[in-house]
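Participant: The following block contains the structure, expressed as structure tokens.
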Amino acid sequence: MSRPTFALGVADARAGRPYHRDYDLWRDCNLCWSYERGRQWAAVAPRDVPLKRNGRINPEAVSWFTCDII
């Protein structure tokens, strides 16, 4: 959740944007997975739950990531 590509996936999904234009050029598979996890997290977490708060990962966001809330 702390990778920049995770946050990019969240931002793109919440803004209704398609996949990032360079997504298919990323050579590191982990970057792609992180981006996809961010998009998936954005699909299940309420829009009012911020990914970060005060520059740190929000504990409520982690709960949504680990499905502790559902």
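Participant: What ranking do Val62, Val49, Val10 get, fewest neighbouring Cβ atoms within 10 angstrom at the top? Please list the in-between numbers first.
Facilitator: Numbers: Val62 13, Val49 16, Val10 24.
Lowest to highest Cβ neighbour count: Val62, Val49, Val10.
Participant: Using the Kirkwood radius over C-alpha pairs as Rh, can you work out the diffusion coefficient of the chain via Stokes-Einstein at 10 °C, viscosity 1.306 mPa s, in µm² per second?
Facilitator: Estimated diffusion coefficient is 130 µm²/s.
Participant: Right, something else. May I ask you to derive the relative contact order of the chain, considering only C-alpha pairs under 8 Å and at least 6 residues apart, and to give it as an integer percent?
Facilitator: Relative contact order comes out at 34 percent.
Participant: Here is a follow-up. Kindly express, to the nearest 10 degrees and within the range 0 to 90, the angle between helix 4-14's C-alpha long axis and the longest C-alpha principal axis of the chain.
Facilitator: Around 80 degrees separate the two axes.
Participant: Can I ask one more? Taking the chain as the reference, fit the longest principal axis to its C-alpha atoms, fit the long axis of helix 29-44 to the helix C-alpha atoms, and give the angle between the two in degrees, 0 to 90, nearest 10.
Facilitator: 40 degrees
Computed from the coordinates by the stated procedures, all read-outs in this text should not be read as laboratory data. Since this is a predicted model, take the numbers as computed values, not measurements. Virtual Cβ from ideal backbone geometry, glycine too; neighbours counted across all protein chains shown.
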